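Shown next, in structure tokens, is the structure this report addresses.
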Amino acid sequence: MLEFFIKSVYYLRLCIKNPDTSYLLENMEIQNNQLHLGGLSAEALRTNFGSPLYVYEEDSLRSQCRRLLSCFEELHQQQRLQLHFAMKANSNPSILKVLREEGAWIDAVSPYEVQLALDCGYRPEQILFTGNNTAPEELDFCVENGVPLNIGSLFTLEHFGKRYSGKNISLRVNPGVGAGHHAHCITGGPRSKFGIYHDQLEQAQELAQRHSLRIVGIQSHIGTGIFAPEPMLEAMEMILALAERFTELEFIDFGGGFGIPYRPEQQEMDVNALGQQMTERFEKFCKEYGRPLSMKLEPGRYLVGPAGFLLLSVTNRKHTPEYQFVGTDSGFHHLVRPTMYGSYHRIWNASRMEDELETVAVVGNVCETGDFFSVDQGNIQRDLPKTTVGDCLVIADAGAYGFSMSSQYNSRPRPAEVLVKDGQAQLIRRAERYTDLLRTTQELD
Ligand code: LLP
């Protein structure tokens, strides 16, 4: 009894002091004080595949996809819902294949994204190309490959019409409202470069008519990392109000943006309720419109974010009068979100999950002061079980905009990627090496 009481107090203290530790994700557990992901110990993964390392859990990818589809069950059953995975979030071919098996389609933003999706078995009509400041060759590439285009500027529309009269297109609309987790991530409203501003849609229709283009879809994506249903529903209302004036629509695309809880105290957004609300509103619109249109969504983060982890190793410790630094073998060249947006990511000390806590700043090995992992809105310190050089740290929710935004800054190669399922790990991209840094340069003398 006494032992139970002591353990409870100890655990409660952990929860209060280190919320990251108290909140483990699906398919994670603590065994012998060490963190296991998808049935494998983080330390063993690091030993087998090297450090730093991106790890993705296949079950989690599949369950996120199924979860979102089930929120739009009615439309899905009628094959009137397409989830276009925004592959900019993660374009590893093995992940694209898993999502294809789950029924996802693709939102692509560049010709090579299109090419990669085709190479991973997506059919051209399952891809929607939404470029921005699109070059003429990019339009040609999509047309040659039979990939539908979503056009977001009057200039591009006119150019396209002159060259490809008679084609079907969709229009990206800026509905005048935006939302997102950071100013750089708001893609609607008067400050955003994306889409045709809603007050210019009449001109767009005239241009389309002049070149016999059929506008079969309208699309809008107001931002990313949205946590409340209100902005999404508000944007939906505005898009539906604009959609009325187009007579040949086959689909309406409400973009991506579904947020995931990065912070331990964040509750998941009630996507199910949002799905129901969106479906009801959409069906009402379709009734008035006179045709059962399809709904498209373009989730990126929601599908892959929670499935991914960045594993790294502690290489150093030092302190100043202000901070106790924990230095690691990775940095913002591998995961830029904390540095770029001040984004919070949970960090675990996978080598000693339940040890006594200390307050530290977790930093990388890039030669820049902003190279912090433990960011929390200006505060860069975090409570972590006491680290020792050699410990394995795990950064959560790194599956979206993690590897895909990585770089070779400081001439440091990108890490390997591994897919984990049923206690088995498969290398899905090897780590880069010195020669990869030089692949595109002139030969050395
Ligand atoms: N559709 C379009 C046209 C987009 O531009 C985006 C994201 C998405 C869909 C997918 O949004 P999601 O469902 O992932 O929120 N690097 C930032 C995110 C930039 C997103 C850019 N566009 C971050 O790490 O938070």
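Just checking: which of the strands (runs of 3 or more DSSP E) contained wholly in the range 275-334 hold 2 or more residues that are closer than 30 Å to residue 416 by Cα and within 16 Å of the ligand (Cβ to nearest atom)?
Per the criteria, 308-319.
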Restricting the range 394-431 to residues that are in contact with a Pro (Cβ under 7 Å, 6 or more places away or on another chain) and under 17 Å from residue 313 (Cβ atoms), the one surrounded by the fewest Cβ atoms within 10 Å (Cβ to Cβ) turns out to be 431
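Being modelled with pLDDT under 95 and among the acidic types (Asp, Glu) is true for just one of 26, 57, 101, 74. Which residue is that?
Of the residues listed, the single one that is modelled with pLDDT under 95 and among the acidic types (Asp, Glu) is 26.
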Restricting to the range 66-98, what's the tally of residues that are in contact (Cβ under 8 Å) with a residue 40 or more places away in the chain, in a helix (DSSP H, G or I), surrounded by 16 or more Cβ atoms within 10 Å (Cβ to Cβ) and more than 13 Å from the ligand (Cβ to nearest atom)?
5
Can you name the condition, by its number, that residue 436 falls short on among (1) in contact (Cβ under 8 Å) with a residue 40 or more places away in the chain; (2) touching a Pro at 6+ places or on another chain (Cβ under 7 Å)?
(1)
Test: residue 391 is under 21 Å from residue 340 (Cα atoms), acidic (Asp, Glu) and buried (at least 16 other Cβ atoms within 10 Å of the Cβ)
no
Which pairs have Cβ atoms under 8 Å, sit 6 or more apart or on different chains, and link a residue in the range 303-324 that is touching a residue at least 60 places away in the same chain (Cβ under 8 Å) and on the phi < 0 side of the Ramachandran plot to one that is β-branched (Val, Ile, Thr) and part of a helix (DSSP H, G or I)?
304/95
Suppose we filter 279, 328, 320 for residues that are touching a strand residue (DSSP E or B) at 6+ places or on another chain (Cβ under 9 Å), under 22 Å from residue 381 (Cβ atoms) and hydroxyl-bearing (Ser, Thr, Tyr); which single one remains?
328
The lone condition residue 338 fails out of (1) in contact (Cβ under 8 Å) with a residue 40 or more places away in the chain; (2) buried (at least 22 other Cβ atoms within 10 Å of the Cβ); (3) within 16 Å of the ligand (Cβ to nearest atom) is (1)
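The values are calculated or read from the model by the stated rules, or taken from the named source; none is laboratory data. These numbers come from a predicted model, not from an experiment. Heads up, the Cβs are rebuilt from the backbone with ideal geometry, glycines too, and the neighbour counts pull from every protein chain shown.
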